[in-house]
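Structure first, commentary second.
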Amino acid sequence: MSSVVRIERVSREYQLGDQTVRALNDITLAIEPGVFLAISGPSGSGKTTLLNLIGCIDHPSSGDIYINEDNVSHKSANELADLRARSIGFIFQTFNLLPVLSAAENVEYPLLRRKDLTAADRQRRVDYFLNIVGLSSYANNRPNQLSGGQRQRVAIARALAVKPAIVLADEPTANLDKATGIDILRLMKKINEHLGTTFIFSTHDQKVIDHANRLIKIEDGAIKAFGIRRPKSNWQMVRAPSPAARPAAHHS
């Protein structure tokens, strides 16, 4: 099976004054289509940096990243923006909705870049995905007229509207109460199962890990372990090999 994401020997370094900070150190992994994957680790472990690289928001300092077997490591900003508009949806802990737009307009917003979609095409997608997240009757409400859970549902509909291969979610339950967070996770899990969309989470929330069927544990910029949850079983964890002993890719 081909990978939806493949990362080979990727490192990411930043300059802080005259200091070089290595946020990721020689990461190699492959992610198969249709998984519900949690990348977990403490603050500063590199999980958000990894998510940003997968989302083509950032470039690696070294190594290669493939999205649907297309090497994106050296693409231009315009090429990456076009890729994101067609293949990658984003969900953020702060929702990132535009306050002056209605729920429907927020869902439509990322589609405006798509010259291959007519206004009628965009409207059909907006209606369809607002219905999937249960907010058809709130289409004309602005974010300040919605609860936190409803705003996150709008954000999910917006992410799905591009019909992405991958949805990336950075701490999507962090600003929600426990019950609402579980509802949102169940919704995303249902979408994952019914539409086959790959979900990749950056999180230290145990609720997210409990819903995942794949797990990557990351610490100090390095992958420490991979986990697979088999049906009706607990996690089967495998410690990550050292970089010197690592094969070309490890499926998660």
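Scanning the stretch 125-145 for residues that are surrounded by fewer than 20 Cβ atoms within 10 Å (Cβ to Cβ) and aliphatic (A, V, I, L, M) gives 132, 139. Here 84, 122 are screened, and the one residue that is of a type in the set (Lys, Arg), in contact with an Asp or Glu (Cβ under 7 Å, 6 or more places away or on another chain) and buried (at least 18 other Cβ atoms within 10 Å of the Cβ) is 122.
When residues in the stretch 69-107 are screened for being part of a strand (DSSP E or B), closer than 24 Å to residue 187 by Cα and modelled with pLDDT of 90 or more, 4 of them pass. Among the residues of this structure, residue 191 counts as one that is surrounded by fewer than 23 Cβ atoms within 10 Å (Cβ to Cβ) and in contact (Cβ under 8 Å) with a residue 40 or more places away in the chain.
Total residues in the stretch 36-48 satisfying the condition of being touching an Asp or Glu at 6+ places or on another chain (Cβ under 9 Å), over 20 Å from residue 196 (Cβ atoms) and either free of Cβ contacts under 8 Å to residues at least 40 places away in the same chain or small (Gly, Ala, Ser) (or both): the figure is 5. Exactly one residue out of 3, 45, 11 is over 22 Å from residue 185 (Cβ atoms) and part of a loop (DSSP other than H, G, I, E, B), and it is 3.
Please work out if residue 27 is under 13 Å from the mean Cα position of the chain (by Cα), farther than 16 Å from residue 87 by Cα and in a strand (DSSP E or B). Taking the combined requirement at face value, the residue does not satisfy it. Of all residues in the stretch 165-183, those being part of a loop (DSSP other than H, G, I, E, B) and either closer than 25 Å to residue 45 by Cβ or at pLDDT 95 or above (or both) number 6.
For residue 66, the conditions (1) in contact (Cβ under 8 Å) with a residue 60 or more places away in the chain; (2) in a strand (DSSP E or B); (3) touching an Asp or Glu at 6+ places or on another chain (Cβ under 7 Å) are fulfilled apart from (3).
Of all residues in the stretch 149-180, those that are surrounded by 15 or more Cβ atoms within 10 Å (Cβ to Cβ) and under 13 Å from residue 94 (Cα atoms) total 15.
The values are calculated or read from the model by the stated rules, or taken from the named source; none is laboratory data. All of these numbers come straight from a predicted model, not from anything done at the bench. Because the Cβ atoms are built from the backbone with ideal geometry, glycine has one as well, and the counts that use them run over all protein chains shown.
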